[in-house]
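Below: the structure, in structure tokens.
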Amino acid sequence: MIYTVTFNPSLDYSIRIDDFKTGTLNRTSYEEVRVGGKGINVSIVLNDLGVENVALGFVAGFTGDQIESGIQQHGCTTNFIHLPRGFSRINVKLSGSSDQLTEMNGMGPAVSPEECEQFMMRLKRLLKDGDTLVLSGSIPSSMPQDMYERILETVDTDKVCVIVDTSSNLLRRTLPYRPFLIKPNLIELSELFGRALTEYDDIVGCAKHLQEEGARNVLVSMGGEGAILVTEEGQVFSAPAPDGDLVDTIGAGDSMVAGFLAGYMERGSMVDGFAKGIAAGSATAYTHGLATGEEITSVAQRM
């Protein structure tokens, strides 16, 4: 079974105001509400690709109820811990005539040490040898910032396939636990090494350095430039993104993770995982919301 973890899921309220002004009344010309959170995105895309999985994490209040029902409406299985206080966050994403995106992210509910321990106990009961665990996104400020490390201390990463997709600081701290795959984007990889990375050889060299720190396979997403995969066997694969009109990059990296998993699990092939990962990430970037399985297949056929 694949388990995805999202500690701070959200309702994403996307709006467009063509001539936004502060201090006065503004009216939207477009609005949409989606469930959000990196692990949740992975779950939704996996499910649409026909791969069974379970979404884990915390939800609270009326927004938490809506998040859970929204995921289930996509056909996904959930096993959230329901917090008795607060409410799951709402993230506002505002676009205007300049096409610049302004984001305002909520805090989310506070998670107590006892609730963190409840999550740990639930995860221990669920995880079996041969399962896959996807750790995605940030850790709320109310939780221990070493929560991913605490999880990995209890996981045998030789028997459970661990995938990590999080910010540079949190990502680096998981490397000693030998995750099967990490997926930094190019900005995050640059942050890890303190310099802008633009050259192919430099990007590959930094990915190999992360392998020396413990990562087994490194998948670097590069937006319109495609992606690079460095495997633990020393192979390096690269491919540009297929042609398409950019619509929205939100969820593209999460879709790449889901596509990689779906492709890899079909035949245990890193090449298949890499190809489907690029197709899934690109398909989401070329549509509103997360790409469907049909849209991913359509993009894959153009590669």
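The residue that is least open to solvent (accessible area, probe 1.4 Å), counting only those in region 150-169 that are out of contact with any helix residue (DSSP H, G or I) (no Cβ under 6 Å at 6 or more places or on another chain) and assigned to a helix (DSSP H, G or I), is Ile151. When region 16-29 is filtered for residues that are in contact (Cβ under 8 Å) with a residue 24 or more places away in the chain and open to solvent by 20 Å² or more (accessible area, probe 1.4 Å), the ones remaining, listed by number, are Arg16, Asp18, Asp19, Phe20.
Is there a residue in region 97-111 that is buried (at least 17 other Cβ atoms within 10 Å of the Cβ), of a type outside the set (A, V, I, L, M) and closer than 23 Å to His288 by Cα? Within region 97-111 (the criterion being buried (at least 17 other Cβ atoms within 10 Å of the Cβ), of a type outside the set (A, V, I, L, M) and closer than 23 Å to His288 by Cα), the answer is no, since none of the residues qualifies. Pairs needed: first member in region 128-148, under 26 Å from Glu52 (Cβ atoms); second member anywhere, of a type in the set (Asp, Glu) and not in a loop (DSSP other than H, G, I, E, B); C-beta distance under 8 Å; at least 6 residues apart or different chains. Going by the 8 Å Cβ cut-off, the qualifying pairs are Val134/Asp165; Leu135/Asp165; Ser136/Asp165; Ser136/Asp254; Gly137/Asp165. Residues in region 205-216 that are of a type outside the set (S, T, N, Q) and under 14 Å from Ile182 (Cα atoms): Cys206, Ala207, Lys208, His209, Leu210, Glu212, Glu213, Gly214, Ala215, Arg216.
Answer yes or no as to whether Val257 is at pLDDT 95 or above and touching an Asp or Glu at 6+ places or on another chain (Cβ under 6 Å). Considered against the rule, which asks whether it is at pLDDT 95 or above and touching an Asp or Glu at 6+ places or on another chain (Cβ under 6 Å), Val257 comes out as yes. For region 49-62, the tally of residues that are surrounded by fewer than 22 Cβ atoms within 10 Å (Cβ to Cβ) and either in contact with a strand residue (DSSP E or B) (Cβ under 9 Å, 6 or more places away or on another chain) or of a type in the set (Lys, Arg) (or both) stands at 4. In region 170-199, of all residues being small (Gly, Ala, Ser) and in a loop (DSSP other than H, G, I, E, B), the one that is surrounded by the fewest Cβ atoms within 10 Å (Cβ to Cβ) corresponds to Gly194.
In region 228-253, what residues are under 12 Å from Ala280 (Cα atoms) and touching a strand residue (DSSP E or B) at 6+ places or on another chain (Cβ under 7 Å)? Gly253 - this is the single residue of region 228-253 that is under 12 Å from Ala280 (Cα atoms) and touching a strand residue (DSSP E or B) at 6+ places or on another chain (Cβ under 7 Å). A single member of Arg125, Arg85 is under 27 Å from Leu49 (Cα atoms), loosely packed, with under 14 Cβ neighbours inside 10 Å, of a type in the set (D, E, K, R) and without any contact (Cβ under 8 Å) to a residue 40 or more places away in the chain, and it is Arg125. In region 65-81, the condition of being of a type in the set (A, V, I, L, M), touching a helix residue (DSSP H, G or I) at 6+ places or on another chain (Cβ under 7 Å), in a loop (DSSP other than H, G, I, E, B) and closer than 29 Å to Asn185 by Cα is met by no residue. Filtered by the rule that a residue be within 23 Å of Gly108 (Cβ to Cβ) and open to solvent by 10 Å² or more (accessible area, probe 1.4 Å), region 30-48 gives Glu31, Glu32, Val33, Arg34, Val35, Gly37, Lys38, Asn41, Ile44.
The values are calculated or read from the model by the stated rules, or taken from the named source; none is laboratory data. What you see is a predicted model; the values in this text were computed from it and never measured. Glycine also receives a Cβ, built like all others from the backbone with ideal geometry; neighbour counts cover every protein chain displayed. We work out accessible area using only protein heavy atoms, side chains counted, and drop any ligands, DNA or RNA first. Shrake-Rupley method; radii C 1.70, N 1.55, O 1.52, S 1.80 Å.
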